[in-house]
Structures are given as structure tokens and as C-alpha cells.
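Since the structure comes first, as C-alpha cells, the remarks are kept for the end.
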Amino acid sequence: MFACLFAPDFPVQAALRLEPGPARAALQQSPVVILEGPASLLRVFAANENARQAGIEIGMTRLQVEACSRATLRKRSPAQEDAAQSALLDCARAFSPRVESTAPGTVVLDLTGTEKLFGLPQNAAAKIFLLAGEFGFDLNIAIAPNPDTALYTARGFAGVTIIPSGEEAKRLGPLLVAVLSPPLEVLEILECWGIRNLQSLGALPPVALVERLGQSGLHLQRLARGEIHRPLVPAAPATDFIESFEFDDPVETLESLVFILNRLLHQLCARLACRSLATNELRLKLELASWQKMAGRQDESYDRLWKLPFPMQDAKVLFRLAYLDLEDNTQSSPVKKLIVQVVPVKPRLSQSGLFAPPSPEAEQLEITLARVRGVTGAADQNGIACAGSPQVLDSHKPDSFSVRPFSTVTTKDADHSAPVPVLALRMFRPVLETSVETMDQKPRAVSLRKKRLRVLAASGPWRSSGHWWNAASAWKREEWDVALQTADGVGFYRIYLDRLRKQWFVEGVLD
Amino acid sequence: MENSRGQAFCVRFGFLAKIGIPRYRSGFQKRLMYSELHARSAFTFLEGASLPEALALVCAQRGIPAMALLDKNGVYGTPRFHLAAKESKIKAHVGAEVCLAEGGYYPLLVKDRTGYQNLCRLITTAKLRNGKNVVAASSRDELQRHSAGLVCLTGDENGPLSLALQKHGMEAGRKLLQQLSFIFGHENVYVELQRHFHRHQEARNQAAIALARELRLPVLATNGVCYATPAEREIADAFTCIRNKRRLDTAGRLLAQNSQRHVRSPQEMARTFVDIPEAIANTMELSSRLEFTMENLGYEFPRYPVPAGETMDSFLYQRTWEGARCRYAPITGRVRSQLERELALIENLGLAGYFLIVWDIICFCRENGILVQGRGSAANSAVCYSLGITAVDPIGMELLFERFLSEERGEWPDIDLDLPSGDQREQVIQYVYQRYGQRGAAMTANVCTYRGRSAAREMGKVLGFDEETLSRLSKLTGSWEWRDPMDTLQKQFTKAGLDLHHPQIGVYMDLCRRVRDLPRHLSQHSGGMVICQGQLDSVVPLEPATMPGRVVVQWDKDDCAALGLIKVDLLGLGMMAVIKDSIDLISEHYGETVDLAHLPQDDAARDVYETIQKADTVGMFQIESRAQMASLPRNNPRRFYDLVTQVALIRPGPIVGQMTNPYLKRRQGKEKVTYPHPSLEPVLKRTLGVPLFQEQLLRMAMICSNFTGGEAEELRRALGSRRSQQRMIHIEAKLRAGMTQNGFASGTQDDVVKFITSFALYGFPESHAASFALLAYASAYLKVRYLGAFTAALLNNWPMGFYAPATIVKDAQRHGLRVKPVDVTRSDWNCSLELENDGKFSLRMGLRNVKRLPQLAAGALVEARNARPFSSISDLALRVPRVSPGNLRVLAQIGALNNIGKENGLHRRDALWESQKAAQPVGPLLAGVAGPDSASPLLRMTTDERLMADYSGTGLTTGQHPLFYRREELRRMGAKSARELALLCDGDHVRVAGCVIARQRPGTAHGFIFMSLEDETGIANAIITPDLYAESTMTILQERFVWMEGTLQNKDRVVHVKAELIAPLHMAPMAMTSRDFH
């Protein structure tokens, strides 16, 4: 016998799975909608039965949903769905080693030989149902003599359904043809023929059916009659290592957060160790409490990614990296959800080369860089990372660059056709705020290190502006190259006026 | 030491000014004059961001005396720039940036007419060689051949000098300048300097200055203008993204570095070029050398070849009198004097060639059996009537000849020819090309501009919105004729589910608003052809059109008219094709000949007028719309002239000017006929004291305000498509002054001004109305007398008109025509007539109505059937492989295969069962063998299923209307049928249900929506208020079947339901369509 575990409205269930029992039960009784898309246009991706009854349809926008009902809105999280699928598979694996991950929210398992352990199919179904409940699922469970009959029964009938051998065709009969998910063209043909349920499909003469729909038609008919016996496709062990935790009440203290963080990291590392894997990428995401959204800052979250220079599986190191980061970046609002993900890779097996140049211990380097970030901050006020390797950006904005993490793999930088400057400019970082006296809109004197320096000659203005479509990153500046009369002679500097802030800066000195 | 280091620095960085140096040299500051000689408008598609008018206006505001518009590879914007510059009192220089195959855009300025002709030919040669959608590139030889009369600038960063310097340094730059001097002459090459405050540009400028000094070439300051004001740089950036298929976020340095390419004032330019004052001074010197303007292009309409010993005038004289003898028999004194007057004027104005050329086209049509009729003001001319160009007798109808042609107007007459749309029109167009050569005739262009939908889509792409959002927005950006002032962009965005508070959405909305009306690309006008004596390509550049064999000019019809280019509009009119096909079908089946010129008139066609009076006009030309139907019973047309007024009555001009209702009341005798002033009685008598035609307004202006013919013509132009508020104010003042002088009371003055200004919203000339009324009458006559033939022709020429085929078929059935479904054993591609046993004709639906059935497959099917009838469905599938399995399934579904093979016929599911087998590929062994058919196990279709199959397969049903099957239920719910509504009293509360066949939101209806609901008894008309629309938008826009409750309005045999509630009526999901948004 085969059992099928089918979670109706799977994305909704995946979103509610980690809710505490009573809250989940209450939510299940009310309309719940899963939204997907960019923040400017969220659309309904999935909805539960209550939501559908309230008139909500797939594809509606958030505003339309809000207009037609007071549904609970959740944003779709594919990661959460993957985690839920893994949990569903784990649930099935508790009853049989032969498990098939048929589709998202659908798992089929072979119960052959498990009678002594779990008793009659009814008992097995009841136990599965209970365990699934603990995992947070509300399933349709079907037990049937073959996997496909179990699958279609679970899709078509709510609750637990047991189909004894020999009754497959009769029990499947009332189900709509669409439950078989035939190709669209075949579905259209059957619709034209007036064949709407599996009973009518099963009643067609097989030879005539083959003449018209080929062998695939016959296959569909046999599925409709419950006659297909196929081997299961074993589910590959999960490759996604992700754990998340949503707090009932958003937490504000670091202690509460790192306590959970430590737990999740240890679990992940334990899973990695079980499979002889390590990770070279750790992602930490904090979703912040929704009050910030009211201030117009949608989707506020704190996201950190550590590209580790080599695979590691030491939870302590990972925890240290994350902890140092969280300690230095106090969140402005309470944390609602914590998501930790590691990317599994094979552990490092290579031995250091005899002639390889000495380099710091990789783990130590990472910890050190984390400490550096602790001092400098992860990023400056412009959002540029403070530790890593610089990369010039394709922009007219002078000195625009980003900082990438160190990598052992060297990548060729994109070709930048900007002319190579003929003079070297030593940039001041940060730029020096200054004041400039002007005459006829040209600089006349510049204050540098508390001294007023006369401008002997000035070249400019060189104007540039950009990113006008985004008020946060818009810039507009007017540069001058000036020769200043200094105590030592003549100094050549680049100054600029930030026209949006109406402030002068000294950007650098020319050789 | 310090100084020498400072000097080195200055040289290195293109130093502009040392502190302490005076700002301007003495004398220079006194007279700041600068002409902008390098500007691009939005007609450099997807690059320039301002319309030519905006550039001219800003130039004038900033005190720039002259500007040269140099769009890329064309003079697209030149006419508009020329007119705008004239208005702004600045000098408009002509030129273009011409692309060379070796690279670089060469800015060329026109000195004289030779130069202009050379520029046009140079561009045309490249365009026609390179084809559509390819950047046209000229060769250096071509440049040399066409260099006379042109001045060459060295261009900006995409110009030849910059490219040469960049690639190969000073030596290459020197060589290039020497070559240009050789090609254009030393005095005609200017080294161009632009300063947009870029460092790298300055280095290039220094190199250019050095070369100019070395070769003794003048330098010229320009700003390479791409937009009028700095704010428009954002549009230019958005265009850059569209051009490069990037998003703003990823476009990087493809975007502009700053916003400096706007129109800068002479003071700014002088300040910028303070170190090179001669660059500014030279702009004025060069501007003074550019003598050419668009005032006289040297355009000449072609001469018609006449036999030896004849002149064009004598030849036209003979042809006119020949024609007049046929048209007017006998020729009365009035006719004679009118013809002589017209011919004398034509001779005087030298227009005989034009008339003969149009006559030649008419002759070609006649010889080839193509129906043709002139429309527009040509119908005012007795010469046109005599030559057979128009079909309306202007003398009999007392039409104003001056509206067509006047001596003082100095403008070419306008003759539009209506032709059957489709192949026959193309045949005529190709004839004109053939006769005048590829470079002697061309279609006028149509400038496609950004509209709500295209702007929303493209700007969304630029900002990186996903495809789904864009589609949703495009759908919501309505195309109703009426624009609700409250239906703002904000509202549309909110409806699309966009969060207006999102900063990106704010930018998006702003871009969408600003980009509207900017040109996107050029396409060809539907029918306007420009013909030229000699080479048209020396008057305007020509381009290839997408359609093979077609060439278009770079200007649209308004530009052509503004510059005096004469055009003949060869317009495709669906109704002409319907009339032609009807006449053919009548001749073939009824054995009768219908002569359009001699259709029974007035009392001899009482049945026709009675049908029109009842507003039973579905399918009839011009009088089938909701508004027309609502006024027909009140106007009660009894003779042809009533139709002329009817056609002109329902137009925005008369409606907004509140002329429609007074006229209708006077027609019904409910209101006394009065005149705004006794002197206007002769002009307004025929239209019961209410002006309905343009001619009447012009005459009113002439009588009331002593306008001359020329002034009246200026008034007409002011009322035309490019009306200007300023001009209207000016004319109103003039009108009032004249009326005051003539002693008109102020109330009368207000009435007259209201009449005249409301025509700014478009009204018909009487002649045009008469031409259209003729077609309206012909279509009504054919429908009443030959319903089968007319309906078949109408369906065969669809899409056209106001109603979908489903409505046309149901209407014909209600008038007693038997309509039979598609049957592969009987149907042709087109709908056809079949003679029934009772001697009547029935209509057989054609295969063209079967969805997704290609014409080639249908043709192959008919050919195979004519060779030998099909013995079975397998036989059909075997013999006509072009009919795909999908086509076969649709044919079976709609019952078109029911009569194959079996004596008693199949039912549709039998046919589906068999057709699926026939469509299934078999192996090579059984290929070509039709296997035996097995009995079908499938159940017959139910009524609902048959209806659904009919609508999904053909969009209509020849069986009962879907509402027929619900009538009992609807009656129980208290609903009345469409027919019953007419029997109820005004003010009754009614309930109706029906299938929505048309929705209309006219521009003049203040947001009201007119909806037509069809049931099995006829059509019920409903009025939806803006409030109800706001309440039930989705139901009104999307539902196919609706339930409606409201108050009945039944006045003067015009029946409407004023809806108070509208709800969806749940029916089987049928694929019915409505015609919306007219």
C-alpha cells in the first residue's frame, strides 16, 4: 500500500506552520492570503478556502484584497516553503524509508512491510496525521494500492481516505479530469468530448482512445481507473539548510536573539556534520517589526551574508561571526523573524602546499575581518562595505565604487572605457568639508586646515549629476581643479560643491 | 617657478579663466548675440526630449535670434519648427545630422535651396538603400556629390572630428578637416566647440581649437541641444534606456553626465566661451549666411500629359463638359455659369493638372471596376462632380464652392477619395507609384506619439517593472473617447494596485505624464499620397515603409499641408467594399443591376426611409451608432437632405454647441424656427435656423463680421486640428468687432460666437456630410431591399462599423433572413447566398468566421471539395493536410462537419470523435489510408454546450440567442425583453437583462456611458451615470451578460433605460465579444 500526504494550499500552510498551535488554529479559520511580487505591486499567490470564499482570487493586488476582505496577509517565502517541504519529507520518513517528493506539498510513501510497526492502514494514516499536525500541517491523507491512486485521492478528497484493492476505479470516478493534470491540449479535447470526470474517461473504449489520443490517452485512462503501478522516485536528501524562527512578540534584546541564533546554528551544523558537509556561505536575515512600515520603510530587514573563504562546520566560528556583527549593528527596531541559512559544500580536504606563500589561518582571518568590521562598521554612510576588495562602478559619479568580500577566485573586472587620468589624484577619504569664497561663480579662496588659501588658478566647473529617479541616491556636483597658494608654494587640489547639500568639499590633491 | 607650474596646469586642464581676468572683453559685453546652430528635437527619435515647438519657444524666451534644427538623418521636425519659429519670431535654420558609413554623424546646415535639395536627396538615397529599421548611412562619395549649398560642422562627441581624434589623434583630425574643406569648400567648414562642463570634452575642444588655428578654419560654439530645459534631461535619460534596452539602474554611463544640453541663453554661452569669443561671434556670422527657409521649397505638382495641340486647361475644359453632359442633362444656365466660373478660377490658379491627375485616378478605378467616391470639400465643386470625382451635385444642393477653392486663399484644394478597403485600394496606390515613379510619389507619414498606454509600458520598463505589472497597467490605461477629469493617472495607477506613496511610483507617474505626446517613431498615414513634378526627394526626404513597395515622406499630413505640398487622400472605407460586394452579389444571385448613381430617391424609397426613421439601422453607414439611433426617430428623415443633416448632427461640434437639440425640436415642430439675426436667414434657412455645417459658420462670419473669404478660411484653419487658444481669442475679438460694427446686440453676438467656437470641437462641412449621406443611404437601401446580400457583404468585410458579427447576424435574423451555420460541404471562405425552396435567399456563414482557420487552409478545403465531395472526416483530413488537427476540432465543435459522409448527418460529438481520429498521425504503413469509423461513445452536446461551442468557435450562433433559453426564468424575475420596453411608459421602473454588445463613452457625454444590451427580441439601450460607473466599474467593463434595473425613458419613440443598478448575469461561459470604446 502507498500513502500520499497532501497539504492543500501548501504556500498558506508553509507560512502558518511555525505559528504556535492556538494562533495557527485561529488563522486557519480566517482568510489568509499569501502575496508575491515587488513591494510596489504585491499580488495574491495563494489563499486558503476562507479567503477564496471571501472573493479573493489568485493574481489580485494587495489593495484589491484589502478592499474586499480583512484577510491576514503574508508575503510568500519560497525558503519557508522549501523548509516546509523538507519537514513534510521528514514526517514521511518517520513511517517509511521509501519516500517520494512528488510536488510541493505532496509526498508519497511506500507503506509495504510497515504493518507490523504501524498496524492497519487506518492506524498508519491516523499516526501520520497526528505527526503531521505536530509539524504544523493539516493534511489530506490517502492510502491506496498504488502511488497514483493515493495521489489523486489525496488531491481530490479531504481528510483521510483509504481505498482497498479493487475499488480504485469506483472511488476515483467522481473526481474531475483536471486532477490528473493532463496536458492542456488533452484537457481541451476531453472537455470538447464532454468527458469531465474520471468515471467517463475510464468508460471510453481503450482502443478507440489510443486511436485518438495515442498511448498517453490510454495512460490517462489507466490512471483514471487506478490501474497504474509505478515505482516511487526516491526523494533526494535535502540540499537546502535553512532554519527560521518567527518570534511571537518581536524581541528587542540581543541576548534573546543570540540564544535562538546559537540554537539554529548548532542544528544546522549538526545536520551538515551528519552528512559530512561543511558550509562556505552563511546568511543571516532579521525581519524587523512592522511598525517601521508605517514610516514608509517597507520590507525593513537586516540581511547579512558571509562568504567564507573556505568550507567550515564549526558552529562556534559561525556564531562568533554572526554575534560580532549583531553586537556592532544594534537594530533600530525589534526583530520579528530570524532566518539562518548555510550553503552545504564538501569540507576542505586540501593540505597546505610546501611552497605556498604563508597566509593567515583562514578561520582567524575571517574572525579578524569581523572584528575590523566591528570597529569600522559593516558599511559606511553610503552603504559601501568597509572591509573587502574595491570595485569601480559603471557610473558618472566620481569615485563611485563598491567593496566586495575577499575571494580566492579572481574575477576579471569589467572593461571600463573611462580615460585613464594623466595626473594622479590622491583622494581624501573621507572628503574634507570646507568653505569656499567665490566671485563670479568661481572659487576665489578655499579654507584648508583652518587656513584661507587664495586660488591662483581654477579649472572648471565640471558638472555631473545622476540617479535623479531615486531621491535617496540622487547626486549633483560641481567640481573645480584649483591651484592654491600655500605656505610651501602652490598646491593643486580638487574641490567640489555638493549642489544638493550646498556644501563644498576638498576631494583630493593632485600630484 | 610657481607661475610656470600654474600655466602648465592650466593648459593640462583646459583652464577657463584666471582669477582677476575681466569677465568679457571690452565691447563684447555690450552686444551679446548668439545663435544656436546645433539642436535636436524629439524627432531624433528616442534621443531628443523636446518638441520643436518647445525649442522655438524657449529660444525666443531666452533671446536667441536663430536656431538650427539638426535631427538625425531627417528633417522630420522642420515644418513644425518652421511654423513655431515664425510665431515666436526667430529664424529657423534647416539641416540634419547625417550618418556616414565610416562612422560619425555629420551636422550639415542648409545655405540655400540647392543645399536643401542636396540634403533631402542625400538622406533619401541612404534611407532607401538601407531599408526600414536600419540606421541609414551615406558613403563619402554621396556626401561629396551632394555637398553644394551645405555647411558642415565638425560635430559633438559623435561627430567626425571627435571620432578621428579619439581613434588616431591629431594627425587624423587634421586629415579629416582637410578632407571636409575639400568636399564643402574651406569657407563652409566650421570647427564646432561644445562645453557641457565635462573634463574630457574640454581636452577635445583644445585639440579642435589648435587644429582650427592651424588650418585657419573658423570655430563655432554650439550647445548640441537635446532638450529645451534642464528638467527634460530625465526624459532624455529614459529614452537612452529605451534605445539601449536597459533600465535606469543598469544603464551606467550610457546616461547623460549632467543636464547641460538645454537651450542656453546668449549670456550663458558667452560666459562659457569667454576665452574664445570668436566662437560666439561666428554663430551670428554663419546664421546670416544661411538664407534658406522653408517658405519656398520649390515644390510643383506634376503636369498632366495632354495630347499634342492641347493645354492642360483646354483638356480639362473638354473633359468637364463631356462629364457635365452626362451628369446634368440638360445643362441649365445655372450649371453652365457655375462650371464656367469654376473652370476660369482653376485656370487662373493653374490647377488644371491637379484636377486631371485626380480624374486620371478615377478613370483607372472605373476601368478596373473599383468603386470610388470623392469626399470632403471637393463635393462643393461642380467640376469635380462632372469629372466623376464626387457623387453629390453641388448645384442641386447649393453647396459653397469657395469652401473648396478660392482665389485669395492661395492654398491647394483638398480632394479625398474613398476606396474599398483592402486589395483594391492597394491597387490604386501602386498605380500612382507606377505612374509617378518611386521618387515622384510617396505616402504621407504618421507620427506615432507616446500615449497613455505606450507611455505607461515603456516608462515602466525603464524603471524595471515586471511584465505582469506593465500588462496590467496597459490594460487599465483606458482608451475611452471620454476622459473623465477625475480619471487621472493617479486613479489609474491606484486601480492597477500600485502604491502611490512608493517613491519609485511617483517618478514613474511623472515620467509617464511628461513623455506623453512626444514622438516615438514614424509610420505611414493610412491614405495620404504626395505627388510631385520631377523629384519629390528634392522637396522632402523619403523613407521606405514597412510594407514592401511603399515609400513615405518624413512629414505628416498637417506638415505637408502647412508647407503647401499637395496630397491626394486615397482612403480605405469598409462601407465602399461592402457596397461593391453587395452589388456583385445582387447581380450574381438576384440577377439585378444596382446603379449607385440612380438609386430610387425620396418617395420611391419610402420603405428605406421608414426603416431609418425607426432607427432600425444596425450595419448602416454612419447612422448605426447609439447616438445616431437615438436621434433618428426625432429627426424623422424623409428625403436625402434629411440624411445629410442627420450625418452632420451627431458630431462633437453641434453637440457641444447645443445645436442638436434645438434642431431636433424644430424638426418635430416643438420649437419655433428663429434666427440669431434676420441677416442670417438665407444661410440658416435649410437647417431651421441652427448652424450644422462648417460652411454655414464661415458664411455667418462673413455676414455678421464682414470677414473676407480669406479671413473666413483663417477661421476654418483655426477650427482645425491644430487649433490654438491664442488664435481663437484673436478671432473672437475680430468677430465681435465686426458684429458691433454691424449693430448686432450683445446677446446675439454671444450666440454667434458660441456657434462658431463650438465648432472647434469638429463639425462636418456640408459637402462631406452629403458624400457620407450618400453612402448611408446606399447602405440603408441595400439592407432594406437586399438583406441577404448586404449582410453577407458586411460580414465578409468585417471588422468595420459599430457591431460585432454576432449582432449583425441576430439583427438580420430578426428581419427574416435565414442564416445557416458553417458547413464544410457548402461554405466558402466568404459568407454566401443560397436559394431556398421558397424562392428566398438564405445566408450561409463562411469559413472566414471559423476562429484560427487560416485562409489558405480554407481555400485548400474548398478546392478539394469542389474537385470531389468528402466521403468522411478522415477523407477530408487526408486530402486537405493544410487543415490542422486544431482546425478540424473547431470545425467539428461548431457542427461544420455534421454533414460529411453520413446520410442522416452526425451530431457534433460524433464529428469530434471522428475528427480526433483523423487528426491523429499514423505510421507510414497506414499513411494515406482512411480507416473505418467506429461508433462514437460520446453523448450529444446539450444546448448550453452547443452555444458555448458556437461562440468559442465562431464568435456567434446562428441558433437561438442565449437569452432565449433563459426567458422564462427572467420573466419570473420581472425582466422585460428589449421589444417589450417600447410598449412601456416613460418613467416606469424596469428590469432588463442582456448580452452587452457595445459600450461607449463619448467625449461629449460628460462621463456618461451608453451600453447596448441584446436579447432574442432586439437591442435595449441603457444609460449609465458616472456615479454608477464608479460603483460598478468591473461589472460594466468586464461582464458579458448583465442584469439591470432602472427608470425607463420613452420619449419620441426613443427608448432608454437609465440604470440604477447593474449586476452580472450568470450564464454559461460563452466567448462573446462587445465593441467598446468608440
* **Unit charges at the beta carbon, dipole of chain A: most positive-side option, A:Pro234, A:Thr330, A:Leu277** => A:Thr330
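Give, rounded to the nearest 20 debye, the magnitude of the charge dipole that the protein assembly as shown has about its Cα centre when Lys and Arg contribute +1 at Cβ and Asp and Glu contribute -1 at Cβ. Kindly include the intermediate steps, with their values, before the conclusion.
Numbers: 188 positive and 172 negative charges, 435 e Å.
The dipole of the protein assembly as shown has a size of about 2080 debye.
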* Structure fact -> Taking the dipole of chain B about the Cα centre (Lys, Arg +1; Asp, Glu -1; charges at Cβ), the one of B:Trp1043, B:Gln749, B:Leu1028 that reaches farthest to the positive side is B:Leu1028
* Structure fact -> Taking a ≥ b ≥ c as the square roots of the Cα gyration tensor eigenvalues, with a/c under 1.5 meaning rounded and otherwise prolate when a/b beats b/c or oblate if not, region A:425-510 comes out prolate
* Structure fact -> Note: the protein assembly as shown, point scatterers on Cα, Debye, no solvent; log10 I/I(0) at q = 0.04, 0.06 Å⁻¹ equals -0.39, -0.88
* Structure fact -> Sorting B:Ile655, B:Ser50, B:Thr114 by the position of each Cα along the dipole of chain B (Lys, Arg +1; Asp, Glu -1; all at Cβ), the one nearest the positive end of that ordering is B:Ser50
* **Burial ordering of B:Leu817, A:Leu213, fewest other beta-carbon atoms within 10 Å first** => B:Leu817, A:Leu213
* By DSSP, what percent of the beta bridges with both residues in the protein assembly as shown are antiparallel, rounded to the nearest 5? -> 80
* Take the alpha carbon gyration tensor of region B:772-849, find the square roots of its eigenvalues, order them as a ≥ b ≥ c, and report rounded if a/c is under 1.5; if not, report prolate when a/b exceeds b/c, else oblate. => oblate
* Charge context of B:Lys820, other residues only, Cβ under 12 angstrom, K/R +1, D/E -1 -> 0
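With both partners inside chain B, how many of the DSSP beta bridges are antiparallel, as a percent to the nearest 5?
In chain B, DSSP labels about 65 percent of beta bridges as antiparallel.
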* Can you give the angle from 0 to 90° between the axis of helix B:160-184 and the longest principal axis of chain B, with both taken from C-alpha atoms, to the nearest 10? -> 90
* Pairing the Cα long axis of helix B:943-954 with the longest principal axis of chain B, what angle in degrees results, from 0 to 90 and rounded to the nearest 10? -> 40
* Asked: Percent of alpha carbon pairs in chain A separated by more than 29 Å?
  -> 67
* To do: Could you size up the charge dipole of chain B around its Cα centre, putting +1 on the beta carbon of Lys and Arg and -1 on that of Asp and Glu, and report it in debye to the nearest 20?
  => 2020
* If you plug each phi of region A:227-241 into the Karplus form 6.51 cos²θ - 1.76 cosθ + 1.60 with θ = phi - 60°, what whole-Hz ³J(HN,Hα) values come out, in order, with x for Gly and Pro? -> 9, 8, 10, 10, x, 6, 9, x, 6, 5, x, 4, 9, 8, 10
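Tell me what chain A gives for mean residue ellipticity at 222 nm when only DSSP H runs of n ≥ 4 count, each as -39,500 (n - 2.57), the sum divided by the residue total, rounded to 500 deg cm²/dmol.
Mean residue ellipticity at 222 nm (helix-derived): -9500 deg cm²/dmol.
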* Only Lys, Arg (+1) and Asp, Glu (-1) charged, at Cβ; region B:572-626 dipole about Cα centre in debye -> 260
* Where Rh denotes the Kirkwood radius from the mean inverse Cα pair distance, what is Rg over Rh for region B:273-312? -> 1.55
* Return the Rg/Rh value of chain B, two decimal places, where both radii are evaluated on C-alpha atoms and Rh is the Kirkwood radius. => 1.01
* Structure fact -> Interchain or sequence-distant (5+) residues whose placed amide H lies within less than 5 Å of the amide H of B:Cys99 are B:Asn73, B:Tyr106, B:Ser138
* Structure fact -> Summed over the other residues with a beta carbon less than 14 angstrom from that of B:Leu570, with K and R at +1 and D and E at -1, the charge totals -1
* Output ³J(HN,Hα) for region A:214-222: one whole-Hz value per residue in order, computed from phi by the Karplus curve 6.51 cos²θ - 1.76 cosθ + 1.60 with θ = phi - 60°, and x for Gly and Pro. => x, 5, 5, x, 5, 4, 4, 5, 5
* To do: Treat the count of other C-beta atoms within 10 Å as a stand-in for reagent exposure and order A:His266, B:His768 from fewest to most.
  => A:His266, B:His768
* Sketch the reach of a paramagnetic label on B:Ser587 as a point 7 Å from Cα along Cα-to-Cβ, and name the residues of region B:350-387 whose backbone nitrogen lies under 14 Å away. => B:366-372
* Asked: Taking Cα atoms, how many degrees apart are the long axis of helix B:908-919 and the longest axis of chain B, rounded to 10 and kept between 0 and 90?
  -> 50
* Asked: How do B:632-640, B:532-540, B:515-523, B:836-844 rank on mean C-beta neighbours within 10 Å, highest first?
  -> B:532-540, B:632-640, B:515-523, B:836-844
* **Residue order, fewest to most beta carbons within 10 Å, for A:Ser447, A:Ser473, B:Ser771, A:Ser464** => A:Ser473, A:Ser447, A:Ser464, B:Ser771
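Any read-out appearing in this document is the output of simple, stated calculations on the displayed coordinates, not a laboratory observation. Bear in mind the structure is a predicted one, so any value in this text is a computation, not a measurement. Every residue, glycine as well, gets a Cβ built from its backbone with ideal geometry; the counts of neighbours run over all protein chains shown.
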